[in-house]
Amino acid sequence: MVKKIEQGGNGRLDTYHALARALRVRTSALFDPGAPHSRTRDDADKVDLMPLRQAITPPLAASGRLLLADTVDPEPDIGNLRATATALATSYYSDDYGRIAQFLPALVNSARLAVDHYDNGPHHTEALQLRSDVLQMAGRYLTQVRAYDLAHTALRDALLDAANAGDRARAAAAVYLQGWL
């Protein structure tokens, strides 16, 4: 059995427990995949996700306000943004990750601007729900491409938006996705 396990096979949990007792280590030590970052990632892994990283974690000023260029955008159309999010979700479920990577950063930024524009009232709640959905989509995508740190941030913010909108179903979905992450 030991030879089988050493060659990459699997044993029953009670076998691992017996081996751990014999080796005087915790059973969990036999399942440890190695130290974090045992595989070094190169800059290309980071650069490909830079637009999405900047959208999810935008730069802040000392005042805490976003450092975004002043824009003279019209009032955000939440219905149009929702339709765009739905279309992009279809791309995600079709495994069209190239399309997701291309359009998701702009959608995250647009959802953020909608929340900032509608700072109270029913439109604010709709904007928070939209941004929660968009950030949950980002979290799913980032988990798939193994950008776990950024996925965690997106899902945390999605949960906060859902909670601030008073939307328990969206909050539960974000919690579920955190568990999946």
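How many residues are open to solvent by less than 60 Å² (accessible area, probe 1.4 Å), at pLDDT 90 or above and more than 16 Å from the chain's Cα centre (by Cα) if we restrict to region 112-125? Steps first, answer last, please.
So the first thing to find is which residues in region 112-125 are open to solvent by less than 60 Å² (accessible area, probe 1.4 Å), and the list is 112, 114-115, 118, 121, 124-125.
Add one more test, that the residue is at pLDDT 90 or above, and what stays is 112, 114-115, 118, 124-125.
Subsequent filtering for residues that are more than 16 Å from the chain's Cα centre (by Cα) retains 114-115, 118, 124-125.
Looking only at that region, the number is 5.
Would you confirm, using the coordinates I've provided, whether Ala114 is touching a helix residue (DSSP H, G or I) at 6+ places or on another chain (Cβ under 9 Å), without any contact (Cβ under 8 Å) to a residue 60 or more places away in the chain and among the small types (Gly, Ala, Ser)?
The answer is yes for Ala114.
So the check is Cβ under 7 Å with 6+ separation or different chains; which pairs have a first residue in region 86-99 that's free of Cβ contacts under 8 Å to residues at least 12 places away in the same chain and surrounded by 13 or more Cβ atoms within 10 Å (Cβ to Cβ) and a second one that's acidic (Asp, Glu) and not in a helix (DSSP H, G or I)?
Matching pairs, first to second residue: none at all.
Just one of Pro51, Pro74, Pro59, Pro33 is modelled with pLDDT of 80 or more and exposed (fewer than 10 other Cβ atoms within 10 Å of the Cβ); which is it?
Details: Pro51 fails: exposed (fewer than 10 other Cβ atoms within 10 Å of the Cβ); Pro74 fails: modelled with pLDDT of 80 or more; Pro33 fails: modelled with pLDDT of 80 or more.
Just a single option satisfies the conditions, and that option is Pro59.
Restricting to region 129-169, what's the tally of residues that are open to solvent by 10 Å² or more (accessible area, probe 1.4 Å), assigned to a helix (DSSP H, G or I) and without any contact (Cβ under 8 Å) to a residue 40 or more places away in the chain?
Residues that pass the stated criteria total 12.
I'm trying to understand the selection: among the residues of region 145-164, which are over 9 Å from the mean Cα position of the chain (by Cα) and modelled with pLDDT under 95?
Matches in region 145-164: Val145, Arg146.
Quick check on region 90-111: of everything there that is of a type in the set (Gly, Ala, Ser) and out of contact with any helix residue (DSSP H, G or I) (no Cβ under 6 Å at 6 or more places or on another chain), which residue is modelled with the highest pLDDT? Give the steps one after another, and end with the answer.
Keep residues of region 90-111 that are of a type in the set (Gly, Ala, Ser), which gives 91, 94, 98, 101, 106, 110-111.
Restricting the remaining residues to those that are out of contact with any helix residue (DSSP H, G or I) (no Cβ under 6 Å at 6 or more places or on another chain) gives 94, 98, 101, 106.
Values: Ser94: 90, Gly98: 86, Ala101: 88, Ala106: 93.
This residue is Ala106.
The values are calculated or read from the model by the stated rules, or taken from the named source; none is laboratory data. Because the structure is a prediction, the values reported are computed rather than measured. As a convention, Cβ positions derive from the backbone with ideal geometry for all residues, glycine included, and neighbour counts pool all protein chains shown. Accessible surface areas use protein heavy atoms only, side chains included; no ligands, DNA or RNA. Shrake-Rupley method; radii C 1.70, N 1.55, O 1.52, S 1.80 Å.
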